[in-house]
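These notes concern the structure reproduced below.
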């Protein structure tokens, strides 16, 4: 007879993975597990990434100024989407940096490209959000100044 294709240690590893991923729970319990894991990620990003605090503060300020200037609901929705997008990309950038550090603890040119490209996504998002802010606030601020 040939060897078994899957060893018992593979099953143990799969059970351990299920416990760590929440897949060993009921549907609602696994959703709760996933939600808590996401909140842990939010807390990690906010606790360790100074740029996330800057982006969050800028986002809150933009929303407050928008409300004070009486922006329309659809403009508020666009601003909220931009703020959410920038924060989401900050979290993704943090995740990419962590994975790159995990798989390439020593310097490697490809690791640099991965990290720099993830940071470039942040630059694109921030520049785009600045353009949106100018489009929404520009006319209002101009009318206040003239």
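Calculate for the chain the 222 nm mean residue ellipticity that helices alone would give, adding -39,500 (n - 2.57) per DSSP H run of length 4 or more and normalising by residue count, nearest 500 deg cm²/dmol. Write down the numbers at each step before the final one.
Values: 5 runs with 123 residues, N = 146.
Helix-only estimate at 222 nm: -30000 deg cm²/dmol.
Just how far, in whole angstrom, is the stretch 88-110 from the stretch 53-69 if you go by their alpha carbon centroids?
The two parts, judged by their Cα centres, are 29 Å apart.
Among 69, 64, what is the fewest-to-most ranking by other Cβ atoms within 10 Å?
64, 69
Can you compute the radius of gyration and Dmax for the stretch 95-146, using only the Cα atoms, both in Å?
18.4, 56
What are the radius of gyration and Dmax of the stretch 49-145, computed over its Cα atoms and given in Å?
When restricted to Cα atoms, the stretch 49-145 yields Rg and Dmax of 16.6, 54 Å.
Every number here is computed from the coordinates shown, using simple stated rules; none is lab data. Just so we're clear, the structure is a prediction, and the values are computed from it rather than from any experiment. All Cβ positions, even for glycine, are placed from backbone atoms using ideal geometry, and neighbour counts span all protein chains on display.
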